[in-house]
Amino acid sequence: MSLRARLTALRAAASVKHRRFGLGLLTIGIGSTVLMVYVQHFRMRGFLWGDDGVFPWQTFATGGHWIRSLYAICGAAWFHTALYLCGTVVTAAFTLGWRTRITTVLFWLFTWSLYTRNSFVLDGGDNLIYLLAFYMMFADCSGAASLDAARVRRRSRKRGDTLIAMFHNYAILAMMLQICLLYFTSGLFKAEGHVWQDGTAVYYVLRSTEFNLSPLGPLCWRSAAVVTLLTWSTVVFEISWPFLIWFQKTRFLVVCGAVLLHAMIGYFMGLAWFSLVMISAQAVALGDSEYLRAAGVVRRALSMVFAQAEPTAVASGR
């Protein structure tokens, strides 16, 4: 194939929006996570983000943060409450996929403003939310799993759709590269630590009273073999994720491994918000065809279950 033909094929592929299902699930995932933060902390909003709370507004506004948050505009309690309620409504609309071209931008703005107002409530997942939400402003989040997709069906192609699709695909690529960088650097930093090298890091994590909230923790840290296996496998998995995720044969297995890893972090360490964000980020790693194949497998499995259950029900009726 000539170079011109390759470029033509690349342009044709880039002019079609990819990973719409994954982006829709990512929207629901991170939107739901931030929405739960809003709802859970509603009664404590004055203490966490108010003028006389853990981080007084005067200290915040005079500390060089004023340009980075809407909460720095005014220190009045009614203004902070209004921003909090507006952020809750915007996040709910973003999660449901309503008017996504507008709510995606507003979601990034309100989430950024809320989290930068008080850094004491952050757990690491917020950094990925900032970055993914920023890239999502350049993507089409209304393609699937949204109210916009249900309200507006596929329209006839208009002038400029190709450029919009390219922006969408570049945003998806940016998200993937960002997640790859996150896993790779996390794995490398772990590999430099001596407790990760000698296979004891998970032991200290599970023995920490600050993080270990599970009664099942002793079942893991009492076994040296289990601790060593979990420690080294975590490092190997995080370093290999950025490479294995690009191959179709290993992609689904890597995504399932990441979901299991972060589910364990959320359960054993109590980092629920962080784990939900990281699990949600896995959604964009799978393509539309892979979601369609998975849906087909689920439908066939359900059909077989119902087909076997129907004769049993009929026999029981007799």
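Quick check for me: using +1 on Lys/Arg Cβ and -1 on Asp/Glu Cβ, what's the dipole size of the chain about its Cα centre, in debye to the nearest 20? Write down the numbers at each step before the final one.
Working: 28 positive and 14 negative charges, 339 e Å.
That gives a dipole near 1620 debye.
Compute, for the range 165-318, the length of the dipole vector about the Cα centre, with Cβ point charges of +1 (Lys, Arg) and -1 (Asp, Glu) only. Units Debye, rounded to 20.
440
Rank Glu210, Glu290 by accessible area, highest first, at a 1.4 Å probe radius?
In descending accessible area the options line up as Glu210, Glu290.
How long is the gain from Ser233 to Arg99 if the chain were fully straight, where each residue apart is worth 0.36 nm and the alpha carbon distance is subtracted?
Result for the pair: 44.0 nm of gain on full extension.
Roughly how many whole Å is it from the C-alpha centroid of the range 56-109 to that of the range 255-293?
Each part's Cα centre sits 27 Å from the other's.
How long is the gain from Arg222 to Phe189 if the chain were fully straight, where each residue apart is worth 0.36 nm and the alpha carbon distance is subtracted?
Roughly 9.3 nm would be gained on extension.
Against the globular-protein guess of 2.2 N^0.38 Å, express the Cα radius of gyration of the chain as a ratio, rounded to two decimals.
Compared with the compact-globule rule of thumb, the chain sits at 1.17.
With a cut-off of 8 Å between alpha carbons and a minimum separation of six or more residues, what is the relative contact order of the chain in percent?
It rounds to 23 percent for the chain.
The values are calculated or read from the model by the stated rules, or taken from the named source; none is laboratory data. A quick note: this is a predicted structure, and the numbers were derived from the prediction, not measured. Quick reminder, even Gly has a Cβ in these numbers, built from the backbone with ideal geometry, and neighbours come from all protein chains shown. Keep in mind that these areas ignore ligands, DNA and RNA; they rest on the heavy atoms of the full protein, side chains included. Shrake-Rupley method; radii C 1.70, N 1.55, O 1.52, S 1.80 Å.
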